[in-house]
C-alpha cells in the first residue's frame, strides 16, 4: 500500500510549530538551568554564554545572548547554505534567531539551586530541544552545522573535533571562573549527548543478515525504499546441509523497523538477524538534508 502524500501546507506548518517549541525549550534551558547553575553547554551556545560572563566579570558589561550568538553562527550558516541544503539551513536559521530572541526575552524561572539536578535535567532538556530540531530537518546552529558538513560532505568523523572544541571551552572557562562549574558542565553535556543518542538514530546504522529464498526481491525492495544496497551470499545449513541464500545489508537505525516490515511482506519465513553497526567505511547513502 502506497503512503498518501502529505499536504505541504500541513507539513511546513507542523515543522515551524515544532521548531518554535524547540527554540522555547532551548531558551528556557539556558535561562533557568544553565545560568542558574553557571554551566557551560557545548558548542557555540557554550561559547556565547562564556563570552557573556567574561564581558560581565572583566568589563562590567551586560551583553545580550543574541548579540553574541548571532555573529558566531554566520560562518556555520554560510556552510549550511553552500554545502548542506538551503531549506535545511533556512529552518535552522529560524531556530538560531528564535532561540537567541527567546533567551533575551524570557524571564528566569528558578526551579532549584542544586547544581547536580540542574546539570542532569538541564542536559536532558537540551537534548530534547536538539532532537525536536533533528526530527524536523533542522538544527540549533553552531557546531551542528560543522558536524553535519564534516559527516555528510567530507566523510569525516566529527565527534573528536567537536569534543576537542568543548574541552578547550571547558579549560578556558575553568581558568577564568574555576573548574567546579566545568565539572558540572561535563555532566550537563553527557546528559545532552545521551538524550540525543537515545532518541535520534539517523546517523546510526544496523547490519541485517537475512536468510531467505527471495533475496533478489528483498534486495530490490530495500533499495527502492531506502536507497541502500545489499550483498547476496550463498551458504549451507550447518544442521541439515541445505543450501541457503543470505542477504547482507546495512541500513540506518531509523529505517530498520520499516525494512523489517518490508522483509516480512516479501518472505514471511525469512530469518533475520539485526545487530548494531559500530562503524561504516566507504560509500553509505545518507538522505540529503531537506
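Table for the structure above
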{"quantity": "Some residue of segment 176-183 being modelled with pLDDT under 90 and surrounded by fewer than 18 Cβ atoms within 10 Å (Cβ to Cβ)", "calculated": "no"}
{"quantity": "Candidates 116, 132, 128, filtered to the one that is over 11 Å from the mean Cα position of the chain (by Cα), in the same structural domain as residue 15 (by TED's automatic domain parsing) and assigned to a helix (DSSP H, G or I)", "calculated": "116"}
{"quantity": "Matching residues in segment 175-220 - criterion: being closer than 30 Å to residue 235 by Cα and free of Cβ contacts under 8 Å to residues at least 24 places away in the same chain", "calculated": "216, 220"}
{"quantity": "Residue check, residue 157 under 23 Å from residue 265 (Cα atoms) and at pLDDT below 90", "calculated": "no"}
{"quantity": "Filter result for residue 222 (over 30 Å from residue 130 (Cα atoms) and either surrounded by fewer than 14 Cβ atoms within 10 Å (Cβ to Cβ) or outside the structural domain of residue 132 (by TED's automatic domain parsing) (or both))", "calculated": "no"}
{"quantity": "Yes/no for residue 238 being within 23 Å of residue 44 (Cβ to Cβ) and either without any contact (Cβ under 8 Å) to a residue 12 or more places away in the chain or assigned by TED's automatic domain parsing to the domain that holds residue 34 (or both)", "calculated": "no"}
{"quantity": "Any chance residue 76 is within 20 Å of the chain's Cα centre (by Cα) and closer than 20 Å to residue 139 by Cα", "calculated": "yes"}
{"quantity": "Within segment 243-261, tally of residues that are within 23 Å of residue 213 (Cβ to Cβ), in contact with a helix residue (DSSP H, G or I) (Cβ under 9 Å, 6 or more places away or on another chain) and surrounded by 16 or more Cβ atoms within 10 Å (Cβ to Cβ)", "calculated": "6"}
{"quantity": "So residue 31, is it assigned to a helix (DSSP H, G or I) and more than 17 Å from residue 106 (Cβ to Cβ)", "calculated": "no"}
{"quantity": "From the options 188, 145, residue that is modelled with pLDDT of 85 or more, crowded, with 18+ Cβ neighbours inside 10 Å and over 26 Å from residue 118 (Cβ atoms)", "calculated": "145"}
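The values are calculated or read from the model by the stated rules, or taken from the named source; none is laboratory data. Just so we're clear, the structure is a prediction, and the values are computed from it rather than from any experiment. Every residue, glycine as well, gets a Cβ built from its backbone with ideal geometry; the counts of neighbours run over all protein chains shown.
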